[in-house]
Number of protein chains: 2
Amino acid sequence: MKVRVFVYLKKGVLDPQGKAVEHALHSLGFNNASDVRISRVVDLHIKTTEAEEAKKQGEKMARALLANEVIEDFYVEVSA
Amino acid sequence: MKVRVFVYLKKGVLDPQGKAVEHALHSLGFNNASDVRISRVVDLHIKTTEAEEAKKQGEKMARALLANEVIEDFYVEVSA
């Protein structure tokens with residue numbers, strides 16, 4: 001199964017990378033851009049035919065490695 | 001409008017970060033994980049009420065700064 005883990009900063013956590021991108025966008029003339037936040041997506045294959053199992057595994061991986069739960073939240077999507 | 005720019009490596013381009021994560025997952029016992037690819041998502045607000053205009057602006061930003069089109073592709077989603 002294809003699994004997508006979407007990892008994003010919790011609301012209220014500062015995003016310095018987003019801020020840097022926002023400044024760069026303004027420098028380039030995109031003055032109407034604001035609230036830039038950067039997240040990451042981890043796509044992977046998990047060798048199983050059960051969507052429920054794949055989702056559980058994806059969540060385990062997120063907790064163990066992919067997300068830093070102190071400052072980040074995540075959700076997992078599964079497709080065939 | 002809320003704009004989401006999804007930036008991902010072109011098919012065939014090596015993803016060393018993804019490989020590193022894959023190895024780490026295997027080390028942690030997730031041996032059924034493979035084909036790990038890491039992408040990034042840039043969420044931002046664009047001050048306009050027209051979705052078409054917001055999408056165009058998002059694409060311009062992606063081409064100018066957010067994506068490296070030599071090795072990356074992107075797509076832009078707009079929501080209210």
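All of the numbers you see were taken from the coordinates with simple rules; none came from a lab. Worth saying up front: this structure is predicted, and the values here are computed from it rather than measured. FYI the Cβ positions are ideal-geometry reconstructions off the backbone, even for glycines, and counts take in every protein chain you see.
Projected onto the charge dipole of chain B (+1 at Lys/Arg Cβ, -1 at Asp/Glu Cβ, origin at the Cα centre), which of B:Ile38, B:Gln57, B:Ser79 gives the Cα projection farthest towards the positive end?
B:Gln57
Can you compute the helix-only [θ] at 222 nm over chain A? Use -39500 (n - 2.57) per DSSP H run of at least 4 residues, normalise by all residues, nearest 500 deg cm²/dmol. Display every interim value, and only then the final one.
On the way: 2 runs with 23 residues, N = 80.
It comes out at -9000 deg cm²/dmol, rounded to the nearest 500.
Tabulate in residue order the Karplus-calculated ³J(HN,Hα) for region A:19-33, using 6.51 cos²θ - 1.76 cosθ + 1.60 with θ = phi - 60°, rounded to whole Hz; enter x for Gly and Pro.
With the stated coefficients, region A:19-33 comes to 4, 4, 5, 4, 4, 4, 4, 4, 4, 7, x, 8, 6, 8, 8 Hz.
Could you quote the convex hull projected area for region B:33-73, Cα atoms only and averaged over all directions, in nm²?
4.0 nm²
For chain B, list log₁₀ I(q)/I(0) at each q in 0.26 Å⁻¹, using the Debye formula over Cα point scatterers of equal strength and ignoring solvent, two decimals each.
-1.10
Run the label-point distances for A:Asn68 please: 7 Å along Cα to Cβ, every other copy, nanometres, shortest first.
So the distances to the same position in the other copies read 2.2 nm.
Over every pair of different alpha-carbon atoms in the protein assembly as shown, take the mean of 1/r and invert it; report that Kirkwood radius in Å.
One over the average 1/r among Cα pairs gives 16.7 Å for the protein assembly as shown.
Could you give, in nm with one decimal, how far B:Pro16 is from each other copy of that position, shortest first, with labels 7 Å out from Cα toward Cβ?
Label point to label point, same position, other copies: 2.2 nm.
To the nearest 10 degrees, how steeply does helix A:51-61 sit against the main Cα axis of chain A, on a 0 to 90 scale?
On a 0 to 90 degree scale, this one is about 60.
Sum up the lysine pairs in region B:2-79 that clear both bars: alpha-carbon distance under 17 Å and a spacing of 8 or more or different chains.
9
Could you work out the relative contact order of chain A, using alpha carbon pairs under 8 angstrom and six or more residues apart, expressed as a whole percent?
With pairs under 8 Å counted, the relative contact order is 52 percent.
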